[in-house]
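Visitor: Have a look at the structure that comes next, please.
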Amino acid sequence: MRFINPFKGLRPNIQNNSKNNSIVIPSTDHLSKEIINDHKKNIPWSFLHVLNPNTDNSLSEKEVKNKAKQQFDLMKKNNIINKDEKDSYYIYKISSKDHTQTGIIGTTLLSNYDNLHIRGHEEIYLERAQERSDQMLNLNAQIGPIYVIYPDNKDLDELINTQITLPPDFSFKALDECDHYLWVIDDINKINEISNLFNNINRVYIADGHHRIEAMQKLSDYKKHQNLEHTGSELYNYTMIAAFPQSHARILDYNRLIKDLYGYSPNNFLKEVKKKFVVEKKDTLHSPIKPRTFGMYLDKNWYSLGLKKEPEQDLFHINNLDINLLHYYLLEPILGIGDPRYDKRLDFISGFHGIEAIQKKVDNGEAKIGFSLFPTQIDDVIVFADKKFTMPPKSTWFDPKPLDGLVSFDFE
(Lines give C-alpha, C1' and ligand atoms only; values in the text may rest on other atoms or scores of the structure.)
Protein backbone atom coordinates (compact mmCIF):
# COMPACT_ATOMS: atom_id res chain seq x y z
CA MET A 1 0.00 0.00 0.00
CA ARG A 2 1.40 3.36 -1.01
CA PHE A 3 1.11 6.32 1.35
CA ILE A 4 1.57 8.80 -1.53
CA ASN A 5 0.45 7.75 -5.01
CA PRO A 6 1.06 8.81 -8.61
CA PHE A 7 -2.01 9.76 -10.63
CA LYS A 8 -3.10 11.02 -14.04
CA GLY A 9 -3.07 14.77 -13.52
CA LEU A 10 -5.19 17.19 -15.47
CA ARG A 11 -2.82 19.96 -16.60
CA PRO A 12 -2.64 23.01 -18.85
CA ASN A 13 -1.84 21.93 -22.39
CA ILE A 14 1.94 21.82 -22.82
CA GLN A 15 1.50 23.37 -26.27
CA ASN A 16 0.06 26.45 -24.56
CA ASN A 17 3.12 26.78 -22.33
CA SER A 18 3.33 30.55 -22.67
CA LYS A 19 -0.27 30.85 -21.49
CA ASN A 20 0.05 28.76 -18.32
CA ASN A 21 0.59 31.87 -16.25
CA SER A 22 -2.82 33.16 -17.32
CA ILE A 23 -4.72 29.89 -16.86
CA VAL A 24 -3.60 28.90 -13.38
CA ILE A 25 -4.18 31.16 -10.39
CA PRO A 26 -2.90 31.67 -6.85
CA SER A 27 -5.17 31.70 -3.84
CA THR A 28 -7.60 34.58 -4.22
CA ASP A 29 -6.34 35.78 -0.80
CA HIS A 30 -3.43 37.18 -2.82
CA LEU A 31 -5.68 39.05 -5.22
CA SER A 32 -7.70 42.24 -4.96
CA LYS A 33 -11.19 42.45 -6.44
CA GLU A 34 -9.78 44.70 -9.14
CA ILE A 35 -7.16 42.12 -10.17
CA ILE A 36 -9.75 39.34 -10.17
CA ASN A 37 -12.19 41.32 -12.32
CA ASP A 38 -9.47 42.44 -14.73
CA HIS A 39 -8.06 38.90 -15.05
CA LYS A 40 -11.48 37.41 -15.75
CA LYS A 41 -12.23 40.12 -18.30
CA ASN A 42 -9.00 39.61 -20.26
CA ILE A 43 -8.24 35.89 -19.77
CA PRO A 44 -11.16 33.78 -21.03
CA TRP A 45 -9.63 30.46 -19.95
CA SER A 46 -8.51 31.52 -16.46
CA PHE A 47 -9.48 29.13 -13.68
CA LEU A 48 -11.05 32.15 -11.99
CA HIS A 49 -14.01 31.56 -14.32
CA VAL A 50 -14.34 28.10 -12.73
CA LEU A 51 -13.59 28.86 -9.10
CA ASN A 52 -15.00 32.39 -8.86
CA PRO A 53 -17.65 32.81 -11.56
CA ASN A 54 -19.91 35.12 -9.53
CA THR A 55 -17.71 38.17 -8.89
CA ASP A 56 -20.59 40.66 -8.83
CA ASN A 57 -22.99 38.38 -6.89
CA SER A 58 -25.52 38.58 -9.72
CA LEU A 59 -26.03 34.83 -10.16
CA SER A 60 -28.16 32.37 -8.23
CA GLU A 61 -26.51 29.37 -6.59
CA LYS A 62 -27.74 27.10 -9.38
CA GLU A 63 -26.45 29.50 -12.04
CA VAL A 64 -23.04 29.68 -10.36
CA LYS A 65 -22.72 25.89 -10.40
CA ASN A 66 -23.85 25.61 -14.02
CA LYS A 67 -21.48 28.34 -15.19
CA ALA A 68 -18.50 26.83 -13.36
CA LYS A 69 -19.23 23.34 -14.67
CA GLN A 70 -19.73 24.55 -18.25
CA GLN A 71 -16.45 26.46 -18.19
CA PHE A 72 -14.52 23.51 -16.77
CA ASP A 73 -15.97 21.14 -19.36
CA LEU A 74 -15.15 23.59 -22.16
CA MET A 75 -11.54 23.82 -20.98
CA LYS A 76 -11.25 20.05 -21.33
CA LYS A 77 -13.16 19.90 -24.63
CA ASN A 78 -10.98 22.62 -26.18
CA ASN A 79 -7.74 21.02 -24.96
CA ILE A 80 -6.92 23.98 -22.74
CA ILE A 81 -6.28 21.33 -20.10
CA ASN A 82 -5.47 17.68 -20.80
CA LYS A 83 -5.30 14.57 -18.67
CA ASP A 84 -1.97 12.73 -18.61
CA GLU A 85 -2.00 9.24 -20.09
CA LYS A 86 0.34 7.77 -17.45
CA ASP A 87 0.22 7.77 -13.69
CA SER A 88 2.76 10.38 -12.64
CA TYR A 89 4.27 12.26 -9.76
CA TYR A 90 4.83 15.97 -10.26
CA ILE A 91 7.87 17.69 -8.80
CA TYR A 92 6.87 21.25 -8.03
CA LYS A 93 9.24 24.15 -7.35
CA ILE A 94 8.14 27.64 -6.27
CA SER A 95 10.62 30.50 -6.14
CA SER A 96 10.29 34.11 -5.04
CA LYS A 97 12.97 36.77 -4.57
CA ASP A 98 14.05 35.43 -1.19
CA HIS A 99 12.64 31.91 -0.90
CA THR A 100 12.51 28.60 -2.78
CA GLN A 101 10.66 25.41 -1.93
CA THR A 102 10.47 22.15 -3.87
CA GLY A 103 8.13 19.25 -3.26
CA ILE A 104 6.01 16.56 -4.90
CA ILE A 105 2.37 16.48 -5.97
CA GLY A 106 0.62 13.13 -5.58
CA THR A 107 -2.50 11.64 -4.03
CA THR A 108 -3.17 9.94 -0.73
CA LEU A 109 -6.08 7.93 0.64
CA LEU A 110 -8.54 10.03 2.60
CA SER A 111 -8.56 7.31 5.23
CA ASN A 112 -5.07 8.55 6.16
CA TYR A 113 -6.74 11.72 7.44
CA ASP A 114 -6.93 10.34 10.95
CA ASN A 115 -4.62 12.67 12.93
CA LEU A 116 -1.97 9.96 12.69
CA HIS A 117 -0.78 9.95 9.08
CA ILE A 118 -2.25 13.29 8.00
CA ARG A 119 -2.25 15.74 10.89
CA GLY A 120 -3.95 19.12 11.05
CA HIS A 121 -3.77 22.11 13.38
CA GLU A 122 -6.76 24.31 12.45
CA GLU A 123 -10.34 24.37 13.64
CA ILE A 124 -12.77 23.31 10.92
CA TYR A 125 -15.86 25.38 10.14
CA LEU A 126 -18.39 22.96 8.68
CA GLU A 127 -20.17 25.54 6.51
CA ARG A 128 -16.93 26.43 4.72
CA ALA A 129 -16.08 22.77 4.26
CA GLN A 130 -19.53 22.05 2.83
CA GLU A 131 -19.19 24.93 0.32
CA ARG A 132 -15.90 23.52 -0.92
CA SER A 133 -17.35 20.01 -1.06
CA ASP A 134 -20.29 21.21 -3.15
CA GLN A 135 -17.89 22.98 -5.53
CA MET A 136 -15.73 19.88 -6.06
CA LEU A 137 -18.76 17.63 -6.39
CA ASN A 138 -20.11 19.95 -9.08
CA LEU A 139 -16.84 19.76 -11.05
CA ASN A 140 -16.12 16.13 -10.14
CA ALA A 141 -12.54 17.26 -9.63
CA GLN A 142 -10.15 18.79 -7.13
CA ILE A 143 -8.63 21.88 -8.78
CA GLY A 144 -5.92 22.68 -6.23
CA PRO A 145 -3.82 20.47 -3.95
CA ILE A 146 -3.80 20.41 -0.18
CA TYR A 147 -0.48 21.90 0.92
CA VAL A 148 1.26 19.59 3.39
CA ILE A 149 4.74 19.35 4.88
CA TYR A 150 6.69 16.22 5.71
CA PRO A 151 9.69 15.60 8.01
CA ASP A 152 12.93 16.25 6.14
CA ASN A 153 14.29 13.17 4.40
CA LYS A 154 17.80 13.20 2.93
CA ASP A 155 17.17 10.44 0.37
CA LEU A 156 14.03 12.12 -0.95
CA ASP A 157 15.85 15.45 -1.15
CA GLU A 158 18.62 13.87 -3.21
CA LEU A 159 16.15 12.28 -5.61
CA ILE A 160 14.29 15.57 -6.11
CA ASN A 161 17.49 17.56 -6.53
CA THR A 162 18.66 15.18 -9.24
CA GLN A 163 15.41 15.53 -11.16
CA ILE A 164 15.31 19.31 -11.08
CA THR A 165 18.69 19.55 -12.82
CA LEU A 166 16.73 18.57 -15.95
CA PRO A 167 14.67 21.14 -17.87
CA PRO A 168 11.17 21.50 -16.39
CA ASP A 169 8.13 20.48 -18.41
CA PHE A 170 6.98 24.04 -18.01
CA SER A 171 7.79 27.15 -16.02
CA PHE A 172 6.26 30.62 -15.71
CA LYS A 173 5.67 33.56 -13.40
CA ALA A 174 2.17 33.64 -11.92
CA LEU A 175 -0.04 36.35 -10.47
CA ASP A 176 1.55 35.80 -7.05
CA GLU A 177 4.84 37.13 -8.55
CA CYS A 178 6.54 33.77 -7.92
CA ASP A 179 8.23 31.54 -10.51
CA HIS A 180 6.61 28.11 -10.74
CA TYR A 181 8.26 25.01 -12.24
CA LEU A 182 6.84 21.53 -12.86
CA TRP A 183 8.56 18.24 -13.75
CA VAL A 184 6.42 15.24 -14.74
CA ILE A 185 7.78 11.96 -13.35
CA ASP A 186 6.23 8.98 -15.13
CA ASP A 187 9.20 6.57 -15.16
CA ILE A 188 8.10 3.48 -13.22
CA ASN A 189 11.43 3.08 -11.43
CA LYS A 190 11.41 6.68 -10.22
CA ILE A 191 7.76 6.32 -9.20
CA ASN A 192 8.53 3.25 -7.11
CA GLU A 193 11.50 4.97 -5.51
CA ILE A 194 9.42 8.01 -4.53
CA SER A 195 6.60 5.81 -3.25
CA ASN A 196 8.94 3.74 -1.08
CA LEU A 197 10.53 6.84 0.43
CA PHE A 198 7.14 8.29 1.33
CA ASN A 199 6.10 4.95 2.80
CA ASN A 200 9.05 5.27 5.18
CA ILE A 201 8.00 8.82 6.12
CA ASN A 202 4.32 7.89 6.47
CA ARG A 203 3.35 11.22 8.05
CA VAL A 204 2.47 14.69 6.76
CA TYR A 205 1.15 17.88 8.35
CA ILE A 206 -1.45 20.12 6.74
CA ALA A 207 -0.05 23.60 6.18
CA ASP A 208 -2.91 25.04 4.13
CA GLY A 209 -6.10 23.28 3.09
CA HIS A 210 -7.82 22.05 6.26
CA HIS A 211 -11.26 22.89 4.88
CA ARG A 212 -10.36 21.42 1.50
CA ILE A 213 -9.48 18.01 2.96
CA GLU A 214 -12.59 18.08 5.15
CA ALA A 215 -14.57 18.87 1.99
CA MET A 216 -12.97 15.95 0.18
CA GLN A 217 -13.96 13.68 3.06
CA LYS A 218 -17.58 14.82 2.71
CA LEU A 219 -17.47 14.36 -1.06
CA SER A 220 -15.99 10.88 -0.69
CA ASP A 221 -18.65 9.82 1.81
CA TYR A 222 -21.39 11.15 -0.49
CA LYS A 223 -20.08 9.24 -3.50
CA LYS A 224 -19.54 6.10 -1.42
CA HIS A 225 -23.16 6.13 -0.25
CA GLN A 226 -24.29 6.75 -3.82
CA ASN A 227 -22.25 3.87 -5.27
CA LEU A 228 -23.77 0.48 -4.49
CA GLU A 229 -20.65 -1.22 -5.88
CA HIS A 230 -18.18 0.84 -3.84
CA THR A 231 -14.84 -0.97 -3.39
CA GLY A 232 -12.59 1.66 -1.79
CA SER A 233 -10.31 1.90 -4.83
CA GLU A 234 -12.32 4.59 -6.64
CA LEU A 235 -10.58 7.90 -7.28
CA TYR A 236 -12.97 9.75 -4.98
CA ASN A 237 -11.36 7.87 -2.07
CA TYR A 238 -8.18 9.89 -2.62
CA THR A 239 -7.18 13.51 -2.35
CA MET A 240 -4.41 15.45 -4.12
CA ILE A 241 -1.61 16.91 -2.00
CA ALA A 242 1.47 19.03 -2.65
CA ALA A 243 4.06 17.81 -0.13
CA PHE A 244 7.08 19.94 0.77
CA PRO A 245 9.87 19.18 3.25
CA GLN A 246 9.54 20.79 6.65
CA SER A 247 12.69 22.87 6.22
CA HIS A 248 11.29 24.43 3.01
CA ALA A 249 8.06 25.73 4.53
CA ARG A 250 7.91 29.44 5.26
CA ILE A 251 5.42 31.05 7.64
CA LEU A 252 4.85 34.79 7.53
CA ASP A 253 3.61 36.94 10.38
CA TYR A 254 -0.14 37.25 10.90
CA ASN A 255 -0.81 40.66 12.40
CA ARG A 256 -3.69 42.23 14.34
CA LEU A 257 -5.76 45.37 13.88
CA ILE A 258 -8.18 46.79 16.49
CA LYS A 259 -10.94 49.17 15.47
CA ASP A 260 -11.01 51.29 18.65
CA LEU A 261 -9.16 51.92 21.91
CA TYR A 262 -12.05 50.75 24.12
CA GLY A 263 -12.62 54.31 25.33
CA TYR A 264 -8.98 55.09 26.16
CA SER A 265 -7.14 58.11 24.89
CA PRO A 266 -3.80 57.17 23.24
CA ASN A 267 -1.87 58.47 26.28
CA ASN A 268 -4.01 56.63 28.83
CA PHE A 269 -3.84 53.47 26.76
CA LEU A 270 -0.03 53.64 26.72
CA LYS A 271 -0.03 54.04 30.50
CA GLU A 272 -2.03 50.81 30.82
CA VAL A 273 0.25 48.94 28.43
CA LYS A 274 3.36 50.05 30.35
CA LYS A 275 2.10 48.28 33.48
CA LYS A 276 2.94 44.91 31.88
CA PHE A 277 5.20 45.77 28.93
CA VAL A 278 8.45 47.57 28.32
CA VAL A 279 7.45 50.15 25.71
CA GLU A 280 10.02 51.79 23.44
CA LYS A 281 9.19 54.36 20.79
CA LYS A 282 10.64 53.65 17.32
CA ASP A 283 11.56 56.00 14.50
CA THR A 284 10.52 53.60 11.73
CA LEU A 285 8.23 50.67 10.97
CA HIS A 286 8.80 47.94 13.52
CA SER A 287 8.58 44.18 13.07
CA PRO A 288 9.64 41.92 15.96
CA ILE A 289 12.91 40.07 15.36
CA LYS A 290 12.43 37.50 18.13
CA PRO A 291 9.56 35.70 19.90
CA ARG A 292 7.63 37.30 22.77
CA THR A 293 8.12 40.82 21.44
CA PHE A 294 5.65 42.89 19.46
CA GLY A 295 5.37 45.96 17.29
CA MET A 296 2.58 48.46 17.87
CA TYR A 297 1.39 51.33 15.67
CA LEU A 298 -0.69 53.97 17.40
CA ASP A 299 -1.40 57.65 16.75
CA LYS A 300 1.23 57.97 13.97
CA ASN A 301 3.95 56.30 16.07
CA TRP A 302 5.59 52.87 16.13
CA TYR A 303 6.57 51.17 19.39
CA SER A 304 8.27 47.95 20.43
CA LEU A 305 6.70 45.94 23.24
CA GLY A 306 8.26 43.30 25.48
CA LEU A 307 6.77 41.64 28.55
CA LYS A 308 8.29 42.87 31.81
CA LYS A 309 7.97 39.43 33.39
CA GLU A 310 8.30 35.94 32.04
CA PRO A 311 4.84 34.60 31.16
CA GLU A 312 3.39 31.76 33.14
CA GLN A 313 4.71 28.43 31.90
CA ASP A 314 2.35 26.51 29.65
CA LEU A 315 -0.24 29.20 30.16
CA PHE A 316 -2.37 27.67 27.44
CA HIS A 317 -1.65 24.04 28.31
CA ILE A 318 0.65 23.47 25.38
CA ASN A 319 2.66 26.41 24.00
CA ASN A 320 2.87 30.08 24.85
CA LEU A 321 2.36 31.29 21.29
CA ASP A 322 3.00 34.99 20.76
CA ILE A 323 -0.56 35.36 19.50
CA ASN A 324 -1.91 33.98 22.77
CA LEU A 325 0.45 36.10 24.88
CA LEU A 326 -0.62 39.31 23.15
CA HIS A 327 -4.25 38.39 23.63
CA TYR A 328 -3.90 37.30 27.28
CA TYR A 329 -1.79 40.24 28.48
CA LEU A 330 -3.07 43.10 26.29
CA LEU A 331 -5.92 42.60 23.85
CA GLU A 332 -8.35 41.04 26.32
CA PRO A 333 -7.58 42.80 29.63
CA ILE A 334 -6.88 46.29 28.23
CA LEU A 335 -8.83 46.48 24.96
CA GLY A 336 -11.67 44.13 25.89
CA ILE A 337 -11.21 41.84 22.88
CA GLY A 338 -13.11 38.58 23.33
CA ASP A 339 -13.05 35.36 21.32
CA PRO A 340 -10.89 36.15 18.24
CA ARG A 341 -13.11 33.95 16.10
CA TYR A 342 -16.10 36.22 16.56
CA ASP A 343 -15.04 39.63 17.93
CA LYS A 344 -15.90 42.20 15.22
CA ARG A 345 -13.51 44.79 16.69
CA LEU A 346 -10.56 42.57 15.77
CA ASP A 347 -9.20 42.17 12.26
CA PHE A 348 -6.24 40.29 10.78
CA ILE A 349 -3.68 41.15 8.14
CA SER A 350 -1.06 38.82 6.71
CA GLY A 351 2.62 39.69 6.53
CA PHE A 352 2.26 38.95 2.82
CA HIS A 353 0.98 42.52 2.51
CA GLY A 354 4.01 43.95 4.32
CA ILE A 355 4.29 45.78 7.61
CA GLU A 356 3.38 48.99 5.78
CA ALA A 357 -0.17 47.67 5.43
CA ILE A 358 -0.70 48.00 9.19
CA GLN A 359 0.32 51.63 9.15
CA LYS A 360 -1.81 52.36 6.08
CA LYS A 361 -4.98 50.89 7.58
CA VAL A 362 -4.54 52.76 10.85
CA ASP A 363 -3.73 56.03 9.11
CA ASN A 364 -6.79 55.83 6.85
CA GLY A 365 -9.09 55.11 9.78
CA GLU A 366 -9.89 51.42 9.14
CA ALA A 367 -8.35 50.63 12.53
CA LYS A 368 -7.26 52.61 15.57
CA ILE A 369 -4.23 50.50 16.48
CA GLY A 370 -2.17 47.74 14.86
CA PHE A 371 0.16 45.06 16.22
CA SER A 372 2.95 43.28 14.34
CA LEU A 373 3.93 39.80 15.52
CA PHE A 374 6.88 37.47 15.15
CA PRO A 375 5.87 34.63 12.80
CA THR A 376 4.64 31.38 14.29
CA GLN A 377 7.37 28.75 13.93
CA ILE A 378 6.91 25.50 12.05
CA ASP A 379 7.91 23.52 15.15
CA ASP A 380 4.95 25.05 16.99
CA VAL A 381 2.60 23.92 14.23
CA ILE A 382 3.92 20.37 14.48
CA VAL A 383 3.63 20.32 18.28
CA PHE A 384 -0.02 21.33 18.07
CA ALA A 385 -0.76 18.80 15.32
CA ASP A 386 1.02 15.96 17.13
CA LYS A 387 -1.02 16.64 20.27
CA LYS A 388 -4.23 16.88 18.23
CA PHE A 389 -4.81 20.46 19.39
CA THR A 390 -6.01 23.35 17.25
CA MET A 391 -4.10 26.61 17.02
CA PRO A 392 -5.75 30.01 17.56
CA PRO A 393 -7.43 31.48 14.45
CA LYS A 394 -5.15 33.26 12.00
CA SER A 395 -1.98 31.83 13.54
CA THR A 396 -0.15 30.92 10.35
CA TRP A 397 0.22 32.28 6.84
CA PHE A 398 2.21 29.81 4.77
CA ASP A 399 3.78 31.55 1.81
CA PRO A 400 4.16 30.84 -1.04
CA LYS A 401 1.29 28.46 -1.68
CA PRO A 402 0.64 25.99 -4.51
CA LEU A 403 -1.36 27.33 -7.43
CA ASP A 404 -4.87 26.25 -8.36
CA GLY A 405 -5.15 24.66 -11.79
CA LEU A 406 -1.47 23.79 -12.21
CA VAL A 407 -2.36 20.13 -11.68
CA SER A 408 -5.96 19.06 -11.07
CA PHE A 409 -7.25 15.73 -9.81
CA ASP A 410 -10.11 14.50 -12.00
CA PHE A 411 -12.29 11.82 -10.35
CA GLU A 412 -13.52 10.44 -13.70
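The values are calculated or read from the model by the stated rules, or taken from the named source; none is laboratory data. These numbers come from a predicted model, not from an experiment. Ideal geometry is used to build each Cβ from the backbone, glycine not excepted, and the neighbour counts take in all protein chains shown.
Visitor: Could you check region 95-121 and list, in sequence order, the residues that are in contact with a Pro (Cβ under 8 Å, 6 or more places away or on another chain) and over 22 Å from Ile185 (Cβ atoms)?
Guide: The answer is Ser96, His99.
Visitor: When you go through (1) within 21 Å of Ile349 (Cβ to Cβ); (2) out of contact with any strand residue (DSSP E or B) (no Cβ under 8 Å at 6 or more places or on another chain) one by one for Leu252, which number turns out not to apply?
Guide: With (1) within 21 Å of Ile349 (Cβ to Cβ); (2) out of contact with any strand residue (DSSP E or B) (no Cβ under 8 Å at 6 or more places or on another chain) applied to Leu252, the lone miss is (2).
Visitor: Do we find that Glu412 is under 28 Å from Ile94 (Cα atoms) and among the acidic types (Asp, Glu) in this structure?
Guide: no
Visitor: Further, regarding this structure: If Lys309 satisfies all but one of (1) at pLDDT 95 or above; (2) out of contact with any strand residue (DSSP E or B) (no Cβ under 7 Å at 6 or more places or on another chain), what's the number of the condition it fails?
Guide: (1)
Visitor: Name the single residue that is surrounded by the most Cβ atoms within 10 Å (Cβ to Cβ) among those in region 218-237 being in contact with a helix residue (DSSP H, G or I) (Cβ under 6 Å, 6 or more places away or on another chain) and either among the small types (Gly, Ala, Ser) or over 19 Å from Ile143 (Cα atoms) (or both).
Guide: Selected residue: Ser220.
Visitor: Restricting region 358-409 to residues that are touching a Ser or Thr at 6+ places or on another chain (Cβ under 7 Å) and among the β-branched types (Val, Ile, Thr), which is nearest to Ile94 (Cα to Cα)?
Guide: Restricting to residues being touching a Ser or Thr at 6+ places or on another chain (Cβ under 7 Å) and among the β-branched types (Val, Ile, Thr), the top hit is Thr396.
Visitor: Out of everything in region 52-64 that is touching a helix residue (DSSP H, G or I) at 6+ places or on another chain (Cβ under 7 Å) and under 14 Å from Asp134 (Cβ atoms), what residue ends up being modelled with the highest pLDDT?
Guide: Pro53
Visitor: Counting only residues that are farther than 23 Å from Ala249 by Cα and either modelled with pLDDT of 95 or more or assigned by TED's automatic domain parsing to the domain that holds Ser22 (or both), give me the strands (runs of 3 or more DSSP E) lying completely in region 65-140 with at least 3 of them.
Guide: 81-83
Visitor: Quick check on my filter: what residues within region 238-256 are among the basic types (Lys, Arg) and surrounded by fewer than 20 Cβ atoms within 10 Å (Cβ to Cβ)?
Guide: Scanning region 238-256 gives a single hit, Arg250.
Visitor: Working only within region 350-366, note down all residues that are modelled with pLDDT of 95 or more and not basic (Lys, Arg).
Guide: Passing the criteria: Glu356, Ala357, Ile358, Gln359, Val362, Asp363, Asn364, Gly365, Glu366.
Visitor: If I go through region 76-105 residue by residue, how many of them are aliphatic (A, V, I, L, M) and in contact with a helix residue (DSSP H, G or I) (Cβ under 8 Å, 6 or more places away or on another chain)?
Guide: Counting residues in region 76-105 that are aliphatic (A, V, I, L, M) and in contact with a helix residue (DSSP H, G or I) (Cβ under 8 Å, 6 or more places away or on another chain) gives 4.
Visitor: In region 235-275, how many are free of Cβ contacts under 8 Å to residues at least 60 places away in the same chain and of a type outside the set (Ser, Thr, Tyr)?
Guide: 8
Visitor: Kindly establish whether Phe384 is buried (at least 21 other Cβ atoms within 10 Å of the Cβ), aromatic (Phe, Trp, Tyr) and not assigned by TED's automatic domain parsing to the domain that holds Lys76. Spell out the reasoning first.
Guide: Values: buried (at least 21 other Cβ atoms within 10 Å of the Cβ): yes; aromatic (Phe, Trp, Tyr): yes; not assigned by TED's automatic domain parsing to the domain that holds Lys76: yes.
Spelling it out, Phe384 is indeed buried (at least 21 other Cβ atoms within 10 Å of the Cβ), aromatic (Phe, Trp, Tyr) and not assigned by TED's automatic domain parsing to the domain that holds Lys76.
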